[in-house]
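Below is one structure; the comments refer to it alone.
The values are calculated or read from the model by the stated rules, or taken from the named source; none is laboratory data. Just so you know, these numbers come straight off a predicted model, no measurement behind them. When we count neighbours, we look across all protein chains shown, and the Cβ atoms used for this are built from the backbone with ideal geometry, even at glycine. For the accessible areas, the whole protein counts, side chains as well, though only heavy atoms, and no ligand, DNA or RNA atoms are used. Shrake-Rupley method; radii C 1.70, N 1.55, O 1.52, S 1.80 Å.
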Amino acid sequence: VLILICIAALCISPGLSDKNKGLFSGDILDVGLEAFVADIPDSPAFITEKEEVVEENPQDVQSWVDIGKAQLKAENWESAGEAFTQVLELDPQNKDGWEGRFQVLLGEEKYEELQARSQEVIEEHPDWDIGFLYQGISQLRLQRYNEGIDALTKAISIDPENPKSWRFKGDGLRYLKRYEDAVQAYDTALKYDPNNIPAYNNKGLALYALKK
């Protein structure tokens, strides 16, 4: 467990401010990017290739999605935001477009705006889990833990196999010192994604707290 905590302390996302790092000491506070951009290669040439595609065909939604994901992977938040704005202008119902915009707001630490935008998606698409998921994440970042857990529970009711929802619910429960419930949530996240490093490490923090 101590090894897990040391790893977590070293792996806090570099995109978070020093203020927020202090609030969640020892956490891995990634923005959940890995799975979202897993299909995108680490290559500047990939972005160039896709930009050439949209230059010839500006209506190519998937190429705009790919550009946005590639820019997210490089933590170029502004460029990613521009790409996902294009996606949503072409296809307002595109879930990747909305999730990409949410990821940009997380990367920029614009949690109040993320809360507002995710609420819009909840109202328009109450059957989508991503609105509740990112509403929950934004509430956790704003230290509104009960509200965050409620939103994440709704996300789980829509898609009970999304490891990201379970992992962040575990974080919320742990912030409220509900460590046993947090461990159960992390275990469920790991059931659906055994390689979920934040869930693995943050579970270690919960277990350590239980042994104090």
Evaluate the distance, in nm, between pseudo-label points positioned 7 Å from the Cα of LYS110 and of PHE46 along their respective Cα→Cβ axes.
2.5 nm
Can you give me the % of accessible surface on region 105-172 that is carbon or sulfur? Probe 1.4 Å, all protein chains present, nothing else counted.
44 percent
On the accessible surface of region 42-99, probed at 1.4 Å, how many percent belong to carbon and sulfur atoms?
43 percent
The extension gain from ASP127 to ALA38, computed as 0.36 nm times the residue separation minus the Cα-Cα distance, is 29.6 nm
Report, in listed order, any pair from LYS50/LYS191; LYS73/LYS191; LYS73/LYS110 with a Cα-Cα distance greater than 27 Å.
LYS50/LYS191
Inverse of mean 1/r across different Cα pairs in region 81-212, Kirkwood, Å:
15.0 Å
With a 1.4 Å probe and all protein chains left in place, how much accessible area per residue does region 134-212 have, in Å²?
46 Å²
Across 10 Å bins from the origin, how do the percents of Cα pairs in region 156-198 run, short distances first?
36, 53, 10
Would you please classify the overall shape of region 110-170 from the alpha carbon gyration tensor, given that a ≥ b ≥ c denote the square roots of the eigenvalues, rounded means a/c under 1.5, and beyond that prolate means a/b larger than b/c while oblate covers the rest?
oblate
Quick one, can you get me the convex hull of the C-alpha atoms of region 65-117 expressed as volume per residue in Å³?
61 Å³
